[in-house]
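A.B. asks: The structure follows.
The values are calculated or read from the model by the stated rules, or taken from the named source; none is laboratory data. Since the model is a prediction, treat every value here as computed from it, not as a measurement. Cβ coordinates were reconstructed from backbone atoms using ideal geometry, including for glycine residues, and neighbour counts include every protein chain displayed. All accessible areas refer to the heavy atoms of the entire protein, side chains included, with ligands and DNA or RNA removed. Shrake-Rupley method; radii C 1.70, N 1.55, O 1.52, S 1.80 Å.
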Amino acid sequence: MKKLLVFVGCALLSAGSVTAQDDSNLFTHLGASLGVGTTGISIDLSTNVTDYVSVRGGVDIMPKFKYSSDIKIAGVAERQAQYDQVRTANPGLGLPEVTFPQRVDIQGKLNNTTGHILFDIYPGKSIDWHLTLGAYFGSKKVIDIYTTDARQLEGVYRYNNSTERAAAGFPRIGAQLGDFFLEPDQTGIINATVETKSFRPYVGLGWGRAVPKNHPLGFSVDLGVQFWGTPKVYCEGNELTAEDVGNSDGGFMKTLTKITVYPTLTFRLTGKIF
């Protein structure tokens, strides 16, 4: 991240020094744009630093899409049979009567609205192709995951936290989501989040001027990546450790938590305010 910021500064200084002697077109225009892409709906204000550099800042509003599914409780049928056998044969252990659900309903909600500061660097006064450097920033939490019916896991919570279970040597039970083992809280709900870095350096290529030069309206497109680090999963505030268990559920989660960059593609309609 530090290297990227140093590179941004050097690029801006170089562009400014090259044009300082013959270019008085400094911060003379203001533009605005409306875009759509993988970051949601993008709203920008922009200005020209020189004919070779422009800067834009804005917000990317990502709709909070929801996805509902169910996931399997790993090995629960075998665990139920074993538990019931021991409980019936050993009433003195005081093991609670519990029915373990084989599947549990979950919902995931996207939470990825961000802001951004981006510098477009053009190789020539009349060339619209540009290199873009900058950063996106927002909440660390990009996905919320939660169960939708507390009644499904109330018994599992009582079982996991009973001293009799521990004394009898039975393992804990939870939902296996991809590589991650999630346990319910005291209300019978599983609450988990996927978190990334809140500050995400960006590098990309694009075509089009942030502030149109010869027309009141223009079009631009940007393609690049945000470096948001390795996504981490938290359950009830505790970071979970990935463990490969060969479970087929949660394939999306398995993939997501291994992606360290966020692809960014944005199409924008640009306009000159003055």
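A.B. asks: What number of residues in segment 1-52 are more than 19 Å from residue 135 (Cβ to Cβ), at pLDDT 50 or above and either among the small types (Gly, Ala, Ser) or open to solvent by less than 30 Å² (accessible area, probe 1.4 Å) (or both)?
C.D. replies: Adding up the residues that qualify gives 6.
A.B. asks: Scan 137, 181, 219 and give me the residue that is at pLDDT 85 or above, in contact with a Leu (Cβ under 9 Å, 6 or more places away or on another chain), open to solvent by 60 Å² or more (accessible area, probe 1.4 Å) and part of a strand (DSSP E or B).
C.D. replies: Going through 137, 181, 219 in turn, the sole match is 219.
A.B. asks: For residues that are basic (Lys, Arg) and in contact (Cβ under 8 Å) with a residue 24 or more places away in the chain, scanning just segment 84-129, find the one that is most open to solvent (accessible area, probe 1.4 Å).
C.D. replies: For segment 84-129, the residue satisfying everything is 103.
A.B. asks: Please enumerate the residues belonging to segment 144-167 that are surrounded by fewer than 21 Cβ atoms within 10 Å (Cβ to Cβ) and touching a Ser or Thr at 6+ places or on another chain (Cβ under 7 Å).
C.D. replies: Within segment 144-167, 144, 150, 155 qualify.
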